[in-house]
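Here the structure is laid out as structure tokens; the discussion comes afterwards.
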Amino acid sequence: MAETPLFLLDFDSTLVAAESLEVMADVCLPDDAEGARRRARIAELTAAGMEGRVDFGVALRERLALLQMTRAQLPAIVARLAATLSPSFRANRAFLAEHAPRIHVLSSGFRELIEPVVAELGIAAQQVHANTLRFGSDGALLGCDEAHPLAQAGGKVALLRTLDLPQPRVMVGDGWSDLEVAEAGLAERFYAYTEHVRRSAVLVRAQRQAASFDEVLHDLGLRGAHSYPKSKLKVLLLENIHPSAVEAFHAAGYGVETHAGALDEAALIERIADVAVIGIRSKTRLTARVLEQARRLVVVGAFCIGTNQIDLAAARARGIAVFNAPYSNTRSVVELAIAEIILLLRGLPAKLRQMDQGIWDKSVGPAREVRGKTLGIVGYGSIGMQLSVLAEAAGMRVIYHDLAERLALGTARRMPSLHALLAESDAVSVHVDGRAENRMLFGAAEFAAMRPGSVFVNLARGHVADLDALKAALDSGHLRGAALDVFPEEPARNGDAFTHPLRSDARLLLTPHIGGSTLEAQEDIGRYVGQRLIDYLDTGSTEGAVNVPALRLPPQASAHRLVHLHANQPGVLARINEALSAHGANILGQYLKTEGDVGYVISDVDRDYSPALLDAIRAVPHTLRFRVLY
Ligand SMILES: NC(=O)c1ccc[n+]([C@@H]2O[C@H](COP(=O)([O-])OP(=O)(O)OC[C@H]3O[C@@H](n4cnc5c(N)ncnc54)[C@H](O)[C@@H]3O)[C@@H](O)[C@H]2O)c1
């Protein structure tokens, strides 16, 4: 569409994030059971009306009657609605002002609420087409103008037929009545608007959807406040990543494709060609070969802890940032550690096996409470520190040993050496990281240094403990029991045999590397990694990235942000700045960080720069990836 069309903008859940009737209910209805009942009924009727499941006029009358509103409540309702004004319309206030005669609001809501709110966007009262409320002389709400076309089903279509508005017209809205306008041929285009809500009944019938007003403008070939349309970036999430990630992307205005399983290399190479953002878990391997085909890939989300499945160097060489979730399952590991320490000190592994075999034996030997016992934590990092807090809450005395200087939490005591810790602990729990020097950190000497009758827990890494030495310490009766979640060699796939000789040992609690696997951890990983990817796309922030320098940046609303990843060679920043100055760009802020063989420069510049500037920066030698945000 070459010329600027006439815009018909819906109000509820499009220009504002809220539904007017729900806001009216929030302001007017009491905070009690009856209020809650009426609110729920209003929400139900709103959704049903939006999706064309009940007659609009009927739903409207019933909802207004449920409100018990007075005229005096109007300002409070307006203030609440104004607070939810859509960010993307707000950002495009200049466009709306420039094209004011072509911007119309078409809503089945009420002008008493809409006019003051859209005035903030510079939209004049005569451009608003809406119903009016009717109040009695005592100020009580009586209803609305029932004779108005907008009080009926199909009201937008009926009203538009009576207005003599110029063509071509574009309808932007989230609801059924907006779709009807286009289907009646009264608008050349309809954009199902998803910045705030996604109504599936509308989306399946709409030819186009847009998560922001910028996307609408971009699709129409017009220039809005932001230069890149989010819907053009393809986001693909594999391996059943938690829906919390999908929600985060939707909330930020991105569409998402999901695939339940992992993809093998061939399938991945085929699928990845047009993908900008890929989310994987541990089963999808992003090899150098796959990354070579990923020409549009900007960022990878590893929705898990480890990143071994990704060729990080190959990704870095292509300017592809990789994010993971190192801490999302910390609490899950800690809870299992506590549970296992309790089970071991009670001697429960043997009891569980006896019950399994049908043996009823109430003799418990030296079953102990954890209260007052000493827990030795080896590795006082994220997990070790949180375990410290929970163990103290359960009444344990906590001592710890860490190679690094770590502040003691609560009344925990730092021990000068591993052996000093072992000599005092009733239970030892290992939470060191996977560095090579930690191989066989626990051998015969360490088990021997533990207190007689004490227990050992390893939820860290399989290579940390010598299991033959552990078995000897158990056989001699020196140690009471142990819990292992990680093993020197672990089966590759679910269902593969676990053949370790210790597997039927009645003094052990064995689990298949599930210390961090809980629903809560999955949900947190989805939300956390999803948000890191969105921050990177929207602001250039690399905080939490594993293969590029970390820069944390605020969103920059009044500038264009140029983000540039490059091979860390002398002179790159100077070349970028030469290009900026040669093209007369006004730099509002600049950030640089280098790490190893990669450098990351962010330049915030005034909006007015020539497109040739972008080509000039792209042509700077050693450029790995260049993006323009906003
Ligand atoms: N079982 C599971 O499912 C599961 C889940 C998550 C994490 N983990 C493992 O748990 C371990 C701890 O994770 P985290 O997030 O707390 O790591 P972290 O990096 O936050 O903490 C590790 C700590 O160990 C210390 N350390 C390293 N070597 C040491 C040594 N030889 N002696 C004393 N201190 C030493 C480090 O200084 C650091 O403070 C890691 O090995 C991780 O792989 C297992």
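Readers should treat all values here as calculations from the given coordinates under stated rules, not as data from a laboratory. Note that the structure is a prediction, hence the values are computed from the model and not measured. All Cβ positions, even for glycine, are placed from backbone atoms using ideal geometry, and neighbour counts span all protein chains on display.
Here TRP176, TRP360 are placed in order of increasing Cβ neighbour count within 10 Å, fewest first, which gives TRP360, TRP176.
Our summary of shape: the Cα atoms of region 1-95 have principal axis extents of 53, 30, 20 Å, ordered from largest down, in whole angstrom. Residue-wise HN-Hα couplings along region 312-325, as the Karplus relation 6.51 cos²θ - 1.76 cosθ + 1.60 with θ = phi - 60° gives them from phi, are 5, 5, 5, 5, 4, 4, 9, x, 9, 7, 10, 10, 9, 10 Hz; Gly and Pro carry x.
What's the lysine pair count for the chain at a Cα cut-off below 23 Å, pairs eight or more apart or interchain?
Eligible lysine pairs with Cα atoms under 23 Å apart amount to 4.
Temperature 37 °C, viscosity 0.692 mPa s: under these conditions the Stokes-Einstein estimate for the chain, based on its Kirkwood radius over C-alpha pairs, is 113 µm² per second. Annotation: the antiparallel percentage among DSSP beta bridges lying fully within the chain is about 35. Rg and Dmax over the alpha-carbon atoms of region 356-404 stand at 15.5, 49 Å. Ranked for footprinting exposure by Cβ neighbours inside 10 Å, fewest first, LEU562, LEU409 give LEU409, LEU562.
Excluding ARG527 itself, what net charge comes from residues whose Cβ is under 13 Å from its Cβ, given Lys and Arg +1 and Asp and Glu -1?
For residues surrounding ARG527, the net value is -4.
Positive end of the dipole of the chain (Cβ unit charges, origin at the Cα centre): among VAL299, LEU562, MET355, the Cα lying farthest that way belongs to MET355. In this simple spin-label approximation, ARG93 and ALA140 carry label points 7 Å from Cα along the Cα→Cβ vector, and these lie 4.0 nm apart. Proximity of backbone amide H atoms, modeled 1.01 Å from N, is registered between VAL598 and ASN568 at under 5 Å, excluding neighbours fewer than 5 places apart on the same chain.
With the biggest extent put first, the Cα atoms of region 185-283 measure 49, 27, 23 Å across the principal axes. Exposure proxy shown here: for SER417, SER212, SER382, the number of other Cβ atoms within 10 Å sets the order, fewest to most, as SER417, SER382, SER212.
Classified by the C-alpha gyration tensor, region 25-153 has a prolate form. Its axis ratio a/c, with a ≥ b ≥ c, is 1.5 or above, and a/b is larger than b/c.
Using 0.36 nm per residue of separation minus the Cα-Cα distance, give me the extension gain between GLU120 and GLU490 in nm, one decimal.
127.0 nm
Shown here for region 389-450: trypsin sites (Lys or Arg not before Pro) in loop regions (DSSP other than H, G, I, E, B) with at most 11 other Cβ atoms within 10 Å, namely ARG435. If the chain linking ALA448 and ARG353 were pulled fully straight, counting 0.36 nm for each residue of separation and taking away their Cα-Cα distance, it would gain 31.5 nm. The residue among ALA325, LEU510, ALA276 whose Cα reaches farthest toward the positive pole of the charge dipole of the chain, with charges on the beta-carbon of Lys, Arg, Asp and Glu, is LEU510. Between ALA266 and ALA436, full extension at 0.36 nm per residue minus the direct alpha carbon distance yields a gain of 57.9 nm. Relative to one another, the C-alpha centroids of region 557-630 and region 319-376 are positioned 52 Å apart.
Would you please give the FRET efficiency between ASN568 and GLN293, computed as 1/(1 + (r/R0)^6) with r the Cβ-Cβ distance and R0 = 22 Å, to the nearest 0.05?
0.30
Between rounded, prolate and oblate, where does region 544-630 land on the alpha carbon gyration tensor, with a ≥ b ≥ c its root eigenvalues, rounded for a/c under 1.5, else prolate if a/b exceeds b/c?
Working: a/c = 2.05, a/b = 1.25, b/c = 1.64.
Since a/c reaches 1.5 but b/c is at least a/b, the shape of region 544-630 is classed as oblate.
To the nearest 20 debye, what is the magnitude of the charge dipole of region 345-421 about its Cα centre, counting +1 on the Cβ of each Lys and Arg and -1 on the Cβ of each Asp and Glu?
220 debye
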